[in-house]
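Take a look at the structure set out below.
The values are calculated or read from the model by the stated rules, or taken from the named source; none is laboratory data. Fair warning: this is a prediction, and the values are worked out from it, not measured in the lab. Positions of Cβ are generated from backbone atoms using ideal geometry, with glycine treated the same way; all protein chains shown enter the neighbour counts. Heavy atoms of the whole protein, side chains included, go into the accessibility calculation; ligands, DNA and RNA do not. Shrake-Rupley method; radii C 1.70, N 1.55, O 1.52, S 1.80 Å.
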Amino acid sequence: MLSSLKNRSKDWRNRLIADPRFQRFAARYWPFRSVARRRAVQLFDLCAGFIYAQVLYACVQLELLPQLQAGEKSLHDLLPGSGLQPEALRRLLLAAVALDLLEQRATDRFALGPQGAAMLANPGIAAMVRHHRFLYQDLVDPLALLQGKQRPTRLQSFWRYALDNALHNELDIDMARNGDKDADKGSARDLDMDHAPAVGSSGAQTDDYQLYSELMAGSQHMIAEQVLNAYNFSSHRALLDVGGGLGEFLRRVGQRYPGLQLGLFDLPPVIETARQGFAGDKLVPRCFAGNFQHDALPSGFDLISLVRVLHDHDDAVVQQLLERCAQALPPGGRLLIAEPLAATPGAKAMGDAYFGLYLFAMGQGRPRTFKEYQGFLQQAGFYRVRRVKTSIPMLCSLLIATVKKKV
Ligand SMILES: C[S@@+](CC[C@H](N)C(=O)[O-])C[C@H]1O[C@@H](n2cnc3c(N)ncnc32)[C@H](O)[C@@H]1O
């Protein structure tokens, strides 16, 4: 009753906003004028978002921000190596000024702007921007993407495990369809690799897992900081980071809690690279190479973390992985999940809009709400599922759950 009343009032509001006579009225009279102006700016930003992102991408490609780190420069200082004519570079610089990436200090003299300075403080963002080129190529025709007409996508090929999973699923369908024992002749090699980014090429090799692993390691400090500021690890003895990539999260937790024993679980090619990265370090986690879709997780840890892991897997894999976590943990052991959640106040666009389409292009996973995870966790044998506040929920939310006593 209440919700139908609410919906009727929203329908009335929408009819009003869509009425050109009301729009003319709102543009003229306070207080409607400031609301109308704010809405118009928001709508324009929605229309122009792709252009803004491309301006940022061009600045990152030309490394304009690091070039201005030491102080302001002239257009002519920035020309060499840009491959652009002065007028084209000026156009890009002025666009970057309009987006607060840069500041104009005098005619043809430029310095960092507040957003540009913030990006330099977080080098992982530039790496994220660079890899967006794969996503944007997939999104050139969003309907074709949503209709599934362009598989494998570029993004799927970037995230090699997503491509591996797609190949496996296709293989299963082929084998089920024709009972063909030779169906496993198909492999990454048979895919149209012209369609894929240059991440190695034929077949799965260690290199194919390196680009995404480095991207993740480069942006991990932002996530680890959120987690470390929100959760106290001191009551734990041993932490296993599942899907922990090159071990960057563990490095940061280990620096803050030197007494904590650390374990890293990831796919064999990723673990191989991680081991090399830890060579000579004081802090070396126990490394476990495996596939959480097929293998049990190692026991002996009283805390398991899943950082940016669950949202890029489908529901069945998530349910099974949570069950494997519950089996590996002792009664009372804890699970820590850190990732951006859907329907998060103040970060809704990041959940359903950004990750919704991102993960669709990746070919697996979806953004989930706290309530959805609560359901998965309870079914897997966890209780006391709670959400812990982080300072920037757009970057990640934090969920903590405890394993029930085994019967
Ligand atoms: C999005 S990355 C997150 C990496 C890291 N936790 C972070 O936040 O930087 C997902 C990680 O899960 C790993 N992964 C994906 N599927 C896996 C599987 N079936 N078994 C083990 N690890 C897997 C990937 O290799 C990758 O390191």
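Structure above, values below:
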| read-out | value |
| --- | --- |
| Largest-first ordering by accessible area, 1.4 Å probe, given options C59, C47, C287 | C47, C287, C59 |
| Between 0 and 90°, nearest 10: helix 210-230 axis offset from the chain longest Cα axis | 90 |
| The stretch 216-403 - percent relative contact order, Cα under 8 Å, separation 6 or more | 21 |
| Amide proton proximity set for G113, modelled H, under 5 Å, gap of 5+ | L102, E103 |
| Convex hull of Cα atoms in the stretch 1-139, direction-averaged projection (nm²) | 13.2 |
| Mean ellipticity per residue at 222 nm, deg cm²/dmol - from DSSP H runs of n ≥ 4 across the chain, formula -39500 (n - 2.57) | -15500 deg cm²/dmol |
| Built amide H within the under 5 Å cut-off of V388, gap 5+ | L398, L399, I400 |
| Acute angle (nearest 10 degrees) that the helix 32-61 long axis makes with the longest principal axis of the chain, alpha-carbon atoms | 70 |
| The stretch 385-393 - phi-based ³J(HN,Hα) in whole Hz, Karplus 6.51/-1.76/1.60, Gly and Pro as x | 7, 9, 9, 9, 5, 10, 6, 10, x |
| In sequence order, calculated HN-Hα J values of the stretch 364-376 (Karplus, 6.51, -1.76, 1.60; Hz; x Gly/Pro) | 7, x, 6, x, 10, 8, 4, 4, 4, 5, 4, x, 4 |
| Given charges at Cβ of Lys, Arg, Asp, Glu: the stretch 23-121 dipole, positive-most of S74, A36, L89 | A36 |
| Carbon and sulfur %, accessible surface of the stretch 210-358 computed with the full protein complex present, 1.4 Å | 51 |
| With Cα atoms, 0 to 90° folded angle of helix 86-98 axis to the chain main axis | 80 |
| For L303, distant residues with modelled amide H under 5 Å away | A238, L240, R334 |
| Sequence of K404, K73 from largest to smallest accessible area, 1.4 Å probe | K404, K73 |
| Rg over Rh, two decimals, the stretch 31-85 (C-alpha only, Kirkwood Rh) | 1.22 |
| Ranked packing of 252-259, 335-342, most packed first, by mean Cβ within 10 Å | 335-342, 252-259 |
| The chain: radius of gyration over Cα atoms, expressed as a fraction of 2.2 N^0.38 Å | 1.13 |
| Beta bridge orientation in the chain: antiparallel %, DSSP, nearest 5 | 50 |
| For the stretch 200-353, the fraction of alpha-carbon pairs in successive 5 Å shells from zero, as % | 2, 9, 17, 22, 21, 16, 9, 3, 1, 0 |
| Accessible surface, per residue, of the chain when the full set of protein chains is kept, probe 1.4 Å, Å² | 54 |
| Magnitude of the charge dipole, the stretch 23-121, Cβ model with Lys/Arg +1 and Asp/Glu -1, debye to 20 | 760 |
